[in-house]
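Visitor: Once you've had a glance at the structure underneath, I'll fire off some questions.
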Amino acid sequence: MNRVVITGMGIYSCIGKNQDEVKEALYQGKSGIGIDPVRKELGYSSALTGLLERPNLKGMLDRRKRHSLPEQGEYAYLASVEAFRQAGIDETFLEQNEVGILYGNDSSAAPVINAVDIIREKRNTTLVGSGSIFQSMNSTVTMNLSVIFKLKGINFTISGACASGSHAIGMGYLLIRSGLQECILCGGAQEVNAYAVGSFDGLGAFSKQEDDPTKASKPFDRRRDGLVPSGGAASVILESYESAMRRGAPILGEVIGYGFSSNGEHISVPNVEGPERSLRMAIRDAGIPLEQIAYINAHATSTPVGDQNEAKAIAAVFDGLHPYVASTKALTGHEMWMAGASEVVYSTLMMNNGFIAPNINFEEPDEASALLNIPTRRIDTEFDTFLSNSFGFGGTNSTLIVTKFK
């Protein structure tokens, strides 16, 4: 079995456009959540969202490549440029080696809606444009980035709802560990436009606490009333230890455990047993004592039932132990298909810089969250292992364990 290490990371999120900006926001406990006036105009019951600036890729990509990229693909491109740069992977290496891509993405709403609007109005499908199909497919990120970066290895999209980004890293880990690939670009991407989350708003899934947007996302707090949607992209370069050593690449961490499960029950309401099995499977796979896990980056999206059941699952698995448990979604909102990947980036940044970001807005625990050790302020501490949970609609669960390389 090959060891699987992280040699590069990239991030484009509402709390920063690169690792340095994101690290500072995590350290300061700075929220990236605000109000989107477009959602107000569209009749949304909640206009809360993570606020991102749409990048301008002119001068970085030619028109044809830009024309095929959707919004989330633009974020993923920039995150991947940063990740490859940190890993020391250049065009020559990509051309001469079988580098793969596994990216989490479970929808591409805006391009579909725009195309249908043109067809209905103009009654002419040719006016939709040649790039529309490549923007609208779920596999848009992997198909575009594989062409842009000339990738020659594994190439497909992981669609696992809000666990997509985590499963992408988990599947990359399994492929490299088994020797089928040596290097894979893994990650997750999520569009942030209003069209992408209209159905969620219709379900009443979002927080209505708009008076102070930065306080709306409150994972584990008794007063939580729903998630805050967000997005962007996160990229992680996974590589076999042998490949990294041959290249003299930096090693930011080592993936040592991956667990997964399906709840097998309600399509949108999570249970306790499914997440608990995912946690236990990852811990078995890692082969480490529970005491080694110092920090848990919880999935906790600030929904009443989801946070409660995750807290129960964590408390059951870590019975008698009190690792720090926090959800960075208090700062970022729920980054959906991207979240499982971005939270590995956030947690790795914290692990390598000796701190744990605060679970802001946590003031009143409920019966389940009272069982956990949830920091409301930044904890300055050295730790060498973290666990990251990601759960999604349909009852899909993913758990990753990452440690400092030794």
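The values are calculated or read from the model by the stated rules, or taken from the named source; none is laboratory data. Please read these numbers as outputs of a predicted model, since none were measured by experiment. Quick reminder, even Gly has a Cβ in these numbers, built from the backbone with ideal geometry, and neighbours come from all protein chains shown.
Visitor: Scan segment 14-30 residue by residue and report those that are at negative phi and either surrounded by fewer than 24 Cβ atoms within 10 Å (Cβ to Cβ) or touching an Asp or Glu at 6+ places or on another chain (Cβ under 7 Å) (or both).
Guide: Hits for segment 14-30 are 17, 18, 19, 20, 21, 23, 24, 25, 27, 28, 30.
Visitor: In segment 301-308, is there at least one residue being of a type in the set (A, V, I, L, M, F, W, C) and assigned by TED's automatic domain parsing to the domain that holds residue 325?
Guide: Yes, segment 301-308 contains at least one residue that is of a type in the set (A, V, I, L, M, F, W, C) and assigned by TED's automatic domain parsing to the domain that holds residue 325.
Visitor: When you go through 261, 268 one by one, which is the residue that is assigned by TED's automatic domain parsing to the domain that holds residue 329, modelled with pLDDT under 95 and not aromatic (Phe, Trp, Tyr)?
Guide: 268
Visitor: Any chance you could count how many residues in segment 287-306 are over 13 Å from residue 391 (Cβ atoms) and either among the polar types (S, T, N, Q) or surrounded by fewer than 22 Cβ atoms within 10 Å (Cβ to Cβ) (or both)?
Guide: The number of residues fulfilling the criteria is 9.
Visitor: Counting only residues that are aliphatic (A, V, I, L, M) and more than 26 Å from residue 86 (Cβ to Cβ), which one in segment 243-287 is nearest to the chain's Cα centre (by Cα)?
Guide: Taking the candidates together, the pick is 279.
Visitor: While we're looking at this one, here's another question. If a residue has to be of a type outside the set (D, E, K, R), at negative phi and not in a helix (DSSP H, G or I) to count, how many in segment 62-98 make the cut?
Guide: Qualifying residue count, segment 62-98: 4.
Visitor: Let me ask something else. Could you tell me whether any residue of segment 321-339 is among the basic types (Lys, Arg) and touching a Pro at 6+ places or on another chain (Cβ under 9 Å)?
Guide: Yes, segment 321-339 contains a residue that is among the basic types (Lys, Arg) and touching a Pro at 6+ places or on another chain (Cβ under 9 Å).
Visitor: Pairs, please: C-beta under 8 Å, at least 6 apart or cross-chain, first residue assigned by TED's automatic domain parsing to the domain that holds residue 89 and in segment 177-189, second among the basic types (Lys, Arg)?
Guide: Once the first residue is assigned by TED's automatic domain parsing to the domain that holds residue 89 and sits in segment 177-189, its partners that are among the basic types (Lys, Arg) give 177/3.
Visitor: Please enumerate the residues belonging to segment 99-125 that are surrounded by fewer than 17 Cβ atoms within 10 Å (Cβ to Cβ) and either in contact with a Pro (Cβ under 9 Å, 6 or more places away or on another chain) or on the phi > 0 side of the Ramachandran plot (or both).
Guide: 123
Visitor: Looking only at segment 44-64, how many residues end up being among the charged types (D, E, K, R) and touching a Gly at 6+ places or on another chain (Cβ under 9 Å)?
Guide: 1
Visitor: Return the pair list, or none, for Cβ contacts closer than 8 Å from residues in segment 271-300 that are farther than 14 Å from residue 383 by Cα to residues that are surrounded by fewer than 16 Cβ atoms within 10 Å (Cβ to Cβ), at least 6 apart or on different chains.
Guide: From segment 271-300, the pairs are 271/265; 272/316; 274/262; 274/264; 274/265; 276/316; 283/290.
Visitor: Out of the residues in segment 85-117 that are hydrophobic (A, V, I, L, M, F, W, C) and in contact with a strand residue (DSSP E or B) (Cβ under 6 Å, 6 or more places away or on another chain), which is farthest from residue 152 (Cα to Cα)?
Guide: Of everything passing the filter in segment 85-117, 87 is farthest from residue 152 (Cα to Cα).
Visitor: Just checking, does segment 123-141 include any residue being part of a helix (DSSP H, G or I) and in contact with a Phe, Trp or Tyr (Cβ under 9 Å, 6 or more places away or on another chain)?
Guide: yes
Visitor: Based on what the data block shows, is residue 324 touching a residue at least 12 places away in the same chain (Cβ under 8 Å) and within 19 Å of the chain's Cα centre (by Cα)?
Guide: It is false that residue 324 is touching a residue at least 12 places away in the same chain (Cβ under 8 Å) and within 19 Å of the chain's Cα centre (by Cα).
Visitor: Restricting to segment 16-43, name every residue that is touching a Gly at 6+ places or on another chain (Cβ under 9 Å) and of a type in the set (Asp, Glu).
Guide: Listed by number, the list holds a single entry, 24.
Visitor: It is to be established whether one or more residues within segment 71-81 are out of contact with any Lys or Arg (no Cβ under 6 Å at 6 or more places or on another chain), modelled with pLDDT of 95 or more and surrounded by fewer than 19 Cβ atoms within 10 Å (Cβ to Cβ).
Guide: yes
Visitor: So, one more: Here are 173, 241: which of them is aromatic (Phe, Trp, Tyr), surrounded by fewer than 21 Cβ atoms within 10 Å (Cβ to Cβ) and modelled with pLDDT of 95 or more?
Guide: Residue meeting the stated conditions: 241.
Visitor: Continuing with the same structure: In segment 279-294, which residues are part of a helix (DSSP H, G or I) and not polar (S, T, N, Q)?
Guide: 279, 280, 281, 282, 283, 284, 285, 286, 290, 291
Visitor: Could you tell me which of the residues 52, 42 is under 16 Å from the mean Cα position of the chain (by Cα), more than 12 Å from residue 213 (Cβ to Cβ) and not assigned by TED's automatic domain parsing to the domain that holds residue 338?
Guide: The conditions single out 52.
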